[in-house]
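Below is one structure, written out as structure tokens; the observations come after it.
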Amino acid sequence: MTAPKDLSSMHSRGFIQKQSNLDAIRAIVKERQAWNTLLREEGNFNDFMERCSALLEYVDKLKLDFDDLSLVHEAILEHATSIENELEGYNRAIDDDLAVARQVQRALLPEASGTIASSFDMAIFHKQLAQVGGDYYDFFYLPGERHAIGVYDISGHGVSSALIMAFLKAQFAHATKRLDSPGAIVDWVNRSAYSFLREVRRYATVNFVMFTDRFLRYVSGGGYGLLVRRGTPRSFNRVSNFIGLRIKPFHEFELPFEEDDVLALYTDGMFEAQDASGEIYSVQRLNEIVVKHSEEPVQVILDRCIEDYTRFRVADADDITLIILRRCA
């Protein structure tokens, strides 16, 4: 903003006058001859005193202004300190809430037990990018003494994704008590959650796998799965859509799955990470490690995968879930 011309002009003239007074006083004080001349001539002496008086008034005004500014500065500091203390209090409260949310989310992740624990050797790596996140997995018991595993990745990060995770967990728990095929279960959840997920602008990838005596049946929409049978790998067909994107049937597939076969289920978190040169960790690289170590214990397979990924990436870029399991019987 530009000052009005008359005010600006007045300010300039005032400054020039104060500078003229200061220059005149300085010249007289520094030169003895000028000082002697001043004492001999009354008119010059009176002018000098007027200049001194004007300068003293200006100095007094500056001091008052400085005192006022000091008070304002102190008030600003006091207010800033108060705001900082409030923010620290809010941050502590948020940290406490997030710590509780993290404990709740961990409690929602199941431990393998019962027939699932006796049917499979299993190793799990699960890591959220923030304190809470959108990756999760679950185990289910279906009608006919069958069991299933689900691995999901909700879009986004943080608390909102964690809450949607809890919502979808409840939806799947309800569906698996009523329906008995992966396609029907995932379709029911999608139709039930569709309006809500569209409203909050979220979606979820899905790997839902049901096990029978000699086969597995699965739906894969955005998730990843690799079956290694006698050293031969078979990747999941990922043609199904994501949960919450559209109302559309989910395709169901079947693969042989017998004793000593190895299954890897994982989300896309590892494949968003980059090395120092910007190269992205690949699905092929992870699958090759699983195949290479498929004869070893599942925990060893998982450890080799995570070790390779950790050496490769500069930093995690997303939530990560990786499950390795081998059929025992």
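The values are calculated or read from the model by the stated rules, or taken from the named source; none is laboratory data. Owing to the predicted nature of the structure, the values given are computational and were not obtained by experimental measurement. So basically every Cβ, Gly included, is an ideal-geometry build from the backbone, and we count neighbours across all protein chains shown. Note: accessible area is taken over every heavy atom of the protein model, side chains too, but ligands, DNA and RNA are not part of it. Shrake-Rupley method; radii C 1.70, N 1.55, O 1.52, S 1.80 Å.
The local environment of ARG198, defined by Cβ-Cβ distances under 15 Å, has a net charge of +4 under the rule Lys, Arg +1 and Asp, Glu -1.
About the centre of its Cα atoms, region 162-229 shows a dipole size close to 60 debye [charges on the beta carbon of Lys, Arg (+1) and Asp, Glu (-1) only; nearest 20 debye]. Electrostatic bookkeeping for TYR224 treats Lys and Arg as +1 and Asp and Glu as -1; over the other residues with beta carbon under 11 Å from its beta carbon, the sum is -1. Remark: region 233-319 carries 50 Å² of accessible area per residue (probe radius 1.4 Å; ligands, DNA and RNA excluded). Kirkwood hydrodynamic radius, computed over distinct alpha-carbon pairs, for region 186-329: how many Å, to one decimal? Value: 16.3 Å, from the Cα pair sum. Taking 0.36 nm per residue of separation and subtracting the Cα-Cα distance, full extension of the segment from GLU296 to SER160 would add 45.1 nm. Apolar share of the accessible surface for region 255-329: 48 percent from carbon plus sulfur atoms, 1.4 Å probe. With a threshold of 27 Å on the Cα-Cα distance, the over-threshold entries among LYS127/LYS292; LYS177/LYS292; LYS169/LYS292 are LYS177/LYS292; LYS169/LYS292.
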